[in-house]
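Accompanying notes for the structure given below.
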Amino acid sequence: MVKEIDNNNTRLFLCEICKLGYDDVKFAQMCEHHCNASNSCSLEITKHAVLK
Ligand SMILES: [Zn+2]
């Protein structure tokens, strides 16, 4: 499940598997889906991460 957190009053969405944070829930879901399916991160997705 994508986790919603508050980072300095900015809402971020965390991939619960790799713990990267995104400002768009869409990317967090894509990341988590990819992490689940392939056990690794996709650079195409993680380049959108705003919190590591
Ligand atoms: Zn991920």
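The values are calculated or read from the model by the stated rules, or taken from the named source; none is laboratory data. If you're wondering where the values come from, they're calculated on a predicted model, not measured in any experiment. Don't worry about glycine lacking a Cβ; one is built from the backbone with ideal geometry, like all the others, and counts go over all protein chains shown.
Tabulated data
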| item | result |
| --- | --- |
| All positions within the stretch 1-35 that are under 10 Å from the mean Cα position of the chain (by Cα), among the hydrophobic types (A, V, I, L, M, F, W, C) and part of a strand (DSSP E or B) | Leu12, Phe13, Leu14 |
| Qualifying residue in the stretch 37-47 (condition: part of a helix (DSSP H, G or I), among the polar types (S, T, N, Q) and modelled with pLDDT under 95) | yes |
| Yes/no for Ser38 being more than 9 Å from the chain's Cα centre (by Cα), surrounded by 12 or more Cβ atoms within 10 Å (Cβ to Cβ), of a type outside the set (A, V, I, L, M, F, W, C) and within 12 Å of the ligand (Cβ to nearest atom) | no |
| Near pairs, Cβ below 6 angstrom, 6+ apart or cross-chain, from the stretch 18-43 (over 18 Å from Ile5 (Cβ atoms)) to any residue that is in a loop (DSSP other than H, G, I, E, B) and within 10 Å of the ligand (Cβ to nearest atom) | His34/Ser42; Cys41/Cys18 |
| Qualifying positions in the stretch 3-21 - in contact with a Cys (Cβ under 7 Å, 6 or more places away or on another chain) and either among the aromatic types (Phe, Trp, Tyr) or buried (at least 19 other Cβ atoms within 10 Å of the Cβ) (or both) | Cys15, Leu20 |
